[in-house]
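Quick notes on the structure that follows.
Please treat every number below as a calculation from the coordinates, not as lab data. Since the structure is predicted, the reported quantities are computational estimates derived from the model, not experimental observations.
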């Protein structure tokens, strides 16, 4: 999780911490998926959430290395879409009771926070 203290981070420090956070989130998803049953539904859900959850951090890393503000904004919009999709798959896992409720709630909370952060970043880009 990111530092929630009232310390003002530079944009570079914030970006680095968010890159680390999105990678940790992807790793947690990978670990959780190892416990998902290999039924046809489990395979489909695993594949979909693995793609969307790992694409969040990959696209954020690309955004931080973008060549223009428009490119940055475009990559952030992809982060939003991938986080929203990941949230959907987490909700399916939870509602279908496929995995431990507490772990899924933790992942859902983190995904929601990431989604809110990317929405905020995108809105700030639009305002500039």
> Of 115, 107, 92, which has the largest mean-square fluctuation in a 10 Å C-alpha GNM of the chain?
Replying inline: 92
>> Over the Cα atoms, compute the radius of gyration (one decimal) and Dmax (the largest Cα-Cα distance, rounded to a whole number) for the chain, in Å.
In response: 15.2, 48
> Among 21, 38, 61, which one shows the biggest mean-square fluctuation in a GNM of the chain, springs joining Cα atoms closer than 10 Å?
Replying inline: 38
>> Multiplying the sequence separation of residue 48 and residue 127 by 0.36 nm and subtracting their Cα-Cα distance, what value in nm do you get?
In response: 25.1 nm
> What percent does the relative contact order of the chain come to when contacts are Cα pairs within less than 8 Å and at least six residues apart?
Replying inline: 24 percent
> By how many nm would the segment from residue 64 to residue 103 lengthen if fully extended, with 0.36 nm per residue of separation less the alpha-carbon distance?
Replying inline: 11.1 nm
> Just 65, 73, 24 to compare: in a GNM of the chain, with alpha carbon springs under 10 Å, which one fluctuates most?
Replying inline: 65
>> With angles folded into 0 to 90 degrees, how steeply does helix 11-33 sit against the dominant principal axis of the chain? Use alpha carbons for both and round to 10.
In response: 10 degrees
